[in-house]
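Engineer: Before we start, here is the structure in question, set down as structure tokens.
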Amino acid sequence: MRFLRPSFIFLVSLWGIFMTQAEPLGPKANHGLHFPALATRWDEAIPLGNGMLGALVWQEGDVLRFSLDRADLWDKRPVATFSQPEFSFDYVYENVLKGDIKPVQAIVDAPYDREPAPTKIPAGRLEISQAAFGQVTSVRLDLAEALCRVEWDSGVVMESFIHATLPVGWIRIQGVTEALSACLVPPPFGGGDQNQEGVNSLDGHDLRALGYPDPVLYEQAESTQYTQQGWGDFSFVIDAEWRREGDSTWLCVWSIQSSDAVSTPADEARQTIKRSLQRSFADDLAAHQTWWSQFWAQSSIAIPDPVLEKQWYLEQYKFGSASRRGAPPITLQAVWTADNRKIPPWKGDFHNDLNTQLSYWPCYSGNRLEDGLAFLDWLWEIKPASERWTQKFYDLPGLNVHGVTTIEGEPMGGWNQYSCSPTTSAWLAHHFYLHWRFSMDREFLRERAYPYLQAVALFLQGHSIVGADGKRQLPLSSSPEINDNRVDAWFRQTTNYDLALIRWLLGATAELATELGMQKEAQAWQAALSEWPDLALAEDDGRLLVAPNYPLKESHRHFSHLMAIHPLGLLDVAYGDADRRTIKASLDELDRLGPDWWCGYSYAWQGNMLARAGFGERAAEALRIFAECFCLPNSFHANGDQSKSGKSKMTYRPFTLEGNFAFAAGVQELLLQSHAGVVRVFPAIPAAWRDAAFSTLRAQGAFLLSAERKERKVASVRIVSEQGGLLRLANPFPDQDYSVLGIAISEIHVNSGILEISMKPGQEIVISHL
């Protein structure tokens, strides 16, 4: 192989040519949404958002509707039974040993379905009569500008956006010469039965079950403000003002404020609108577009599968709309709470047995660490509440997090095996670890990542016992959501789900202690790891079992027993034949048992695992099935098979977001991997993909990579090192000569097909085939 090292000027020039000719440039018009009519259901609406505020644009009859939301609107009333002394692990343990968990279910499970709160709540609606506008001819969501545009055959045009950085939404309607008929409609919160029989958390209680008083309205000629008192001392305000500009243009500006954010929400909402109107629609739109332009510059892809490419851009848009540092993290529906006069599916809560974790998978390699910190900031903020719950429920120090929580981290209940799982915080700790590995932020390592992992490890060691074989185990174990919430969902032997999380956690805690120079602590955590058994494997083919001597018996939506493969990476094809055998057999078992009882997120998760294992065609097919069969027309993940084509017997449609974002992570796994200590570009590309490219995806070690593939061969790879360090890059040109720009030939060491390059902070290099 040959190496060339031109001047730095030539490096910049050559990379400029690469950027112009090959690098993807963000979303294009065909990546957005385009319909001939407005949706007539809230969950098929056009979504707008900025992390704190959200809106859904749709119609009901001849009314153009904006369903408004704010991320911190919550009814936080406590669950009464959780104050009882029986709300404890000891009580659960005693009843499981008796073989009767009905008493436990009465305390932990039943309130989640029976009681309407705690819950996420919607804000209200803004409605505009469109009866005089004629027939809708076009509905568009432009991803690049995060702008919704609706056109009618009369020439009326509506444009709407939620400001990217301010708590304000804009609506501009052009072509209307007569008065505009518009109003704010508060949700029907009050006057209902607060104990509705037969209602469950999926179907949702009627909002009236919350029993709030009627809102206090303040109306003027061109504005309406209403204040809604919630539970306790919580309240929120929606304010909207309409203004005519010229002969045929109407403007509406709206804002929502909550008492959790400001002491005088009504005054703050009014001032927000006044300041916005002083700036103008054009000024705010320009600032909004600038933010989104910078967002799209962070990463982009170009792949020859139009279904996967479009869905990936839609997921990036939703992530940018739903997760923003300074706002609460993504809940089940984020800033798009159900607008059907009911409490949202599963109360729109923070579900930590899969949903929150999958929602943040794409932020790491997708180069959206700042937005991902919304999740980690929240986990750190609720850490004291979680530690109090750990002490109360387990009577132990350290940290666990309830599996289903309010915005303040307080327990909400649900199936007790998983809502009270002892390893929930270990899965959450994995995100602290990933942020460190992808950012190499030593302050974050020292102040956040290691303390969090250490607290979780302290709890799990205290909660474990020594079994008859001399190895540690959990007193009771489970594997979400195997056997649902029956008594046999509890296992007396530690499941592979719990064991994989514990083994990963102890190893990672030791790794971080070593990184911080805490050698004694690192040795102690390594010693603790050695006390736990190995993962349970089947004797015939080495596949992962649910628990020792307990194979996966049927199709199941949650791949909890495969955590060691993905996301934890304890097993990997790069680690040798034994791991390859286990991974292949485990993934083949999913195919053998079939997808009868899968949800959409199951396909997305399968796509990630298949990509990790190098099965590109199978991974792309799983991701394509997700996009085509489990998403509504607006791209929202609907859990069940909406195509009714046999991809699952689950055909229901509760909207949740985790499948969407797991899909995005799966596409990224096809393009870039770095989890096993080596950076690999295009590691799982389907054979049919002749050309592909990506820009500024992120690898562990804080390396930013852009790469182009032509005629099934890598053409160029650009690497920028944020923090400096050793780059170990699988040679993208194993059978080709290549040139290197930006580094001396002597600084590259080739070892078993791996290019090893010590890079300085800010340094960039380009490697291209000749």
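Engineer: Per residue, how many Å² of accessible area does the stretch 161-275 show with a 1.4 Å probe?
Structural biologist: With the other protein chains kept in place, the stretch 161-275 gives 45 Å² per residue.
Engineer: Roughly how compact is the chain, stated as its Cα Rg over 2.2 N^0.38 Å to two decimals?
Structural biologist: With N residues counted in the chain, Rg over 2.2 N^0.38 Å equals 0.96.
Engineer: Put +1 on the Cβ of every Lys and Arg and -1 on every Asp and Glu Cβ in the chain; which of LEU33, THR249, TRP170 then has its Cα farthest towards the positive end of the dipole?
Structural biologist: LEU33
Engineer: Hey, another quick one. Among ALA522, PHE161, ALA622, which residue has its Cα furthest toward the positive end of the charge dipole of the chain, with +1 on Lys/Arg Cβ and -1 on Asp/Glu Cβ?
Structural biologist: Value: ALA522.
Engineer: In whole percent, what relative contact order does the stretch 666-770 give with Cα contacts below 8 Å and a gap of six or more residues?
Structural biologist: Reported as a whole number, the value is 24 percent.
Engineer: Using a cut-off of 10 Å between beta-carbons, work out the net charge of the residues near VAL401 (Lys and Arg +1, Asp and Glu -1, VAL401 not included).
Structural biologist: Summing Lys/Arg as +1 and Asp/Glu as -1 gives 0.
Engineer: How much accessible area per residue does the stretch 650-734 have, counting only protein heavy atoms and a probe of 1.4 Å, in square angstrom?
Structural biologist: 27
Engineer: Still on this structure: Say the cut-off is 25 Å between C-alpha atoms; which of LYS102/LYS644; LYS28/LYS318; LYS310/LYS644 go over it?
Structural biologist: Cα-Cα > 25 Å for LYS102/LYS644; rest within.
Engineer: Among the lysines, select those whose C-alpha is under 29 Å from the C-alpha of LYS520, and discard any that sit fewer than 8 residues away in the same chain.
Structural biologist: Partners found: LYS383, LYS471.
Engineer: Express in nm, to one decimal, how much length is gained between ASP100 and SER83 on full extension, taking 0.36 nm for each residue of separation and deducting their alpha carbon distance.
Structural biologist: Fully extending the segment from ASP100 to SER83 adds 4.0 nm.
Engineer: Using a 1.4 Å probe on the protein chains only, how many percent of the accessible area of the stretch 301-346 belongs to carbon and sulfur?
Structural biologist: 52
Engineer: Follow-up. Based on DSSP loop calls and a cut-off of at most 12 other Cβ atoms within 10 Å, the longest stretch of the chain free of exposed GluC sites (Glu not before Pro) is what?
Structural biologist: The longest such stretch corresponds to 198-538.
Engineer: Normalised by the number of residues in the chain, what is the relative contact order in percent for Cα pairs under 8 Å and 6+ residues apart?
Structural biologist: In percent, rounded to a whole number, it is 13.
Engineer: What's the magnitude of the charge dipole for the chain around its Cα centre, counting Lys and Arg as +1 and Asp and Glu as -1 at the beta-carbon? Answer in Debye, nearest 20.
Structural biologist: Dipole magnitude for the chain comes out near 1380 debye.
Engineer: Please enumerate, by chain and number, the aspartates and glutamates with C-alpha under 20 Å from the C-alpha of LYS392, excluding those fewer than 8 residues away in the same chain.
Structural biologist: Candidates past the 8-residue exclusion: GLU86, ASP90, GLU94, ASP109, GLU381, GLU408, GLU410.
Engineer: Give the accessible area for ARG503 in Å² (nearest 10); use a 1.4 Å probe, count only protein heavy atoms, and leave out ligands, DNA and RNA.
Structural biologist: So the heavy atoms of ARG503 present about 60 Å² to solvent.
Engineer: If you don't mind, another one. Determine the distance separating the Cα centre of the stretch 261-286 from the Cα centre of the stretch 66-99; give it in Å without decimals.
Structural biologist: With the stretch 261-286 and the stretch 66-99 each reduced to a Cα centre, they are spaced 38 Å.
Engineer: Label-point separation (nm) for ASP541 and ASP267, each offset 7 Å from Cα along Cα-to-Cβ?
Structural biologist: Spacing of the two 7 Å Cα→Cβ label points: 6.8 nm.
Engineer: Rounded to the nearest 20 Debye, what is the dipole magnitude of the stretch 416-482 about its Cα centre when Lys and Arg each give +1 and Asp and Glu each give -1 at the C-beta?
Structural biologist: Roughly 160 debye for the stretch 416-482.
Engineer: Also, quick follow-up: Determine the calculated [θ] at 222 nm for the chain from helices alone, applying -39500 (n - 2.57) to every DSSP H run no shorter than 4 residues and normalising by the residue count; nearest 500 deg cm²/dmol.
Structural biologist: -9500 deg cm²/dmol
Engineer: Right, here's the next one. When ligands, DNA and RNA are left out and all protein chains stay put, how many square angstrom of accessible area per residue does the stretch 293-391 have with a 1.4 Å probe?
Structural biologist: Per-residue accessible area for the stretch 293-391 comes out at 24 Å².
Engineer: I would also like to ask the following. Pulled fully out, how much extra length does the chain show between GLU554 and ARG140, if you take 0.36 nm times their separation in residues and subtract their Cα-Cα distance?
Structural biologist: Between GLU554 and ARG140, full extension yields 144.8 nm more.
Engineer: Could you tell me what percent of the accessible area of the stretch 149-239 is made up of carbon and sulfur, with a 1.4 Å probe and every protein chain present?
Structural biologist: That share works out to 45 percent.
Engineer: Something else now. With only Lys, Arg, Asp and Glu charged, each at its Cβ (+1 for the first two, -1 for the last two), find how big the charge dipole of the stretch 448-562 is about the Cα centre; round to the nearest 20 debye.
Structural biologist: Dipole magnitude for the stretch 448-562 comes out near 280 debye.
Engineer: Sort out for me the Cα centre separation of the stretch 635-666 from the stretch 433-482, rounded to whole Å.
Structural biologist: Centre-to-centre (Cα) distance: 31 Å.
Engineer: Let me ask something else. So if I take the centroid of the Cα atoms in the stretch 562-613 and the same for the stretch 709-770, what is the distance between those two points in Å?
Structural biologist: 30
The values are calculated or read from the model by the stated rules, or taken from the named source; none is laboratory data. Only a predicted model underlies this, so the values are computations on that prediction, with no experimental measurement involved. Backbone-built Cβ (ideal geometry, glycine too); neighbour counts: all protein chains shown. The protein model used for the area step is the full one, side chains on, heavy atoms only, and it has no ligands, DNA or RNA in it. Shrake-Rupley method; radii C 1.70, N 1.55, O 1.52, S 1.80 Å.
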